[in-house]
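Take a look at the structure below.
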Amino acid sequence: MADVIHLNYFSLAVLNRFGIKLGFGDKTVDEVCKQYKVDVDFFLEIVNTFVDKDYFPKKHLQTFPVKLITDYLQKTHNDYHNIKVPEIEYLIEKMIDSCFTQKDNIVLLKKFFNDYKQELQNHTRREEEVVFPYTLAIEKAYNSDTIDKSVIELMETYSIEIFQNEHDNIEEKLFDLKNIIIKYLPQPKDLKLCNKLLHELFSLEQDLNDHARIEEKVLVPKIREMEQIITERFSGEKKNA
Amino acid sequence: MPKSSFIIIEKSYLIRKGLISLIDKIPNTQTIQQIDQTDDLKALKKFDADFVIINSNLIHKELIKTLMEASDTFQLILLSEDNDSVPGLSWVEKIDLNESHNSILKKLNNAVGNKINSQAKTSTPDEISDREADILRNIALGYSNKEIADKLFISTHTVVTHRKNITRKLGIKTVPGLTIYAILNKLINIDDQSKL
Ligand SMILES: [Fe+2]
Ligand SMILES: [Fe+2]
């Protein structure tokens with residue numbers, strides 16, 4: 001497991017999300033995953049897609065249970081709200097404190113990021129309150145012996161298609177913020193702070209990209225297929241009854 | 001200078017990888033998306049790519065329609081084994097799968113070069129014109145496309161075109177982002193707007 005981190009330290013974030021703590025000595029990935037009751041296959045695929053943006057075995061990822069996928073997505077949301085966003089806020093705050101010539105400008109950035117934070121919260125809340133519960137319900141119905149009418153009714157009020165269409169590109173504003181700092185903001189006095197802030201913004205943007213890719217290319221197609229099969233089975237059962 | 005961006009639509013992982021490594025050799029370029037099957041084409045609308053490289057095997061009727069509708073935003077490069085052309089679509093370059101390293105590189109370079117030349121004609125690429133500054137000021141003040149069109153006596157379509165150009169030149173897409181730019185560059189006053 002230590003090799004995984006040595007190979008690419010970005011994987012640390014993923015370890016955190018699976019609740020794996022450092023200090024595992026020379027244990028293998030398999031052993032550590034067993035200890036933390038983590039699905040090894042799933043863990044490995046997630047780590048690999050996270051560190052290599054060209055690696056994305058969507059067909060294989062779609063074979064994992066919905067609960068594993070949404071749990072991981074949920075933990076990633078928590079990471080954004082509890083670690084990444086506060087870190088960026090802290091850096092912006094420090095920039096305001098340390099800057100005398102263009103406090104006003106940086107206050108603008110702060111407002112911009114604050115709005116962004118709201119947007120991000122709304123985005124993840126909607127997924128947690130509506131989308132994830134829906135996907136779990138679909139999987140449950142898919143795995144049960146007979147299709148209950150309530151699922152069909154549920155599918156009439158919401159569908160994964162709706163999610164796909166309403167799922168907005170949450171990275172766009174971050175991209176703007178980066179560009180404003182890189183291209184247009186008069187250089188603040190404390191360059192170190194500014195670089196650190198940029199680094200955090202890049203990292204959050206990349207993380208969000210990876211996250212949205214799992215939502216759109218793993219969760220959505222997986223659920224869409226289940227919806228189809230459920231509908232077919234339901235009409236089949238009705239005929240036989 | 002803005003980077004030239006590529007989307008690659010190709011089934012084979014090896015060919016995609018190969019193309020990416022060739023594109024990487026050309027300065028000021030980037031591959032923003034790889035697609036291995038055509039049902040992922042939602043991305044074409046989402047990303048503003050300059051070039052779309054596509055394998056002729058993956059082209060079908062519906063795709064031609066999508067490509068034609070969106071074709072003013074990007075240029076097409078064909079990837080094929082037999083160099084046949086596809087009706088209704090125009091290609092800036094055609095790459096044969098059996099072609100040599102140098103010859104492919106040359107074609108990609110040509111495509112990118114053409115793009116830079118056509119941009120150079122429209123004044124300096126990164127600076128926005130007075131008219132665009134006008135529009136930008138109004139966007140930052142919170143006016144909609146329709147309102148701006150009425151105010152400046154131009155069509156909404158023209159406003160949209162200006163907005164696209166502004167976004168391309170500045171690299172800023174969202175209204176709040178454009179607003180900050182407008183304030184930093186003193187196009188508007190901080191107190192002028194309340195929407196931010
Ligand atoms: Fe999410
Ligand atoms: Fe999302």
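Things worth noting here:
- Close amide H partners of residue B:31, meaning residues 5 or more places away or on another chain with modelled amide H under 5 Å apart, are B:6.
- Shown is the FRET efficiency for residue A:104 and residue A:213, computed with R0 = 45 Å from the Cβ-Cβ distance and rounded to the nearest 0.05: 0.75.
- Positive-end residue of A:132, A:100, B:166, charge dipole of the protein assembly as shown with Cβ unit charges: A:100
- The range A:154-168-the range A:172-241 distance, computed between alpha-carbon centres (Å): 17 Å
- Partner aspartates and glutamates for residue A:103 [C-alpha distance under 19 Å; skip if fewer than 8 residues away on the same chain]: A:89, A:93, A:115, A:190, B:191, B:192
- For residue A:58, the aspartates and glutamates whose Cα falls under 13 Å of its own Cα, not counting residues fewer than eight places away in the same chain, are A:45, A:210, A:215, A:216, B:36, B:40.
- Neighbours of residue A:19 by Cβ distance under 14 Å: Lys/Arg scored +1, Asp/Glu scored -1, total +2.
- Taking a straight line from the alpha carbon of residue A:149, these aspartates and glutamates sit under 17 Å away, with near neighbours fewer than eight places off in the same chain left out: A:139, A:227, A:232, A:237.
- Label-point separation in nm, residue B:25 to residue A:224, each point 7 Å along Cα→Cβ: 3.7 nm
- In Å², nearest 10: area of residue A:41 left accessible to a 1.4 Å probe: 90 Å²
- For residue A:93 and residue A:152, a Förster radius of 56 Å and the Cβ-Cβ distance give a FRET efficiency of 0.65, rounded to the nearest 0.05.
- Karplus-derived HN-Hα couplings along the range A:25-34 (A = 6.51, B = -1.76, C = 1.60, θ = phi - 60°), whole Hz, x at Gly and Pro: x, 9, 4, 7, 4, 4, 5, 5, 4, 4
- In a simple Cβ point-charge model (Lys, Arg +1; Asp, Glu -1; nothing else charged), the range A:1-55 has a dipole of about 300 debye relative to its Cα centre.
The values are calculated or read from the model by the stated rules, or taken from the named source; none is laboratory data. Source: prediction; values computed, not measured. Please note: Cβ atoms are built from the backbone with ideal geometry, for glycine as well, and neighbour counts cover all protein chains shown. SASA here: full protein model, heavy atoms, side chains in, ligands and nucleic acids out. Shrake-Rupley method; radii C 1.70, N 1.55, O 1.52, S 1.80 Å.
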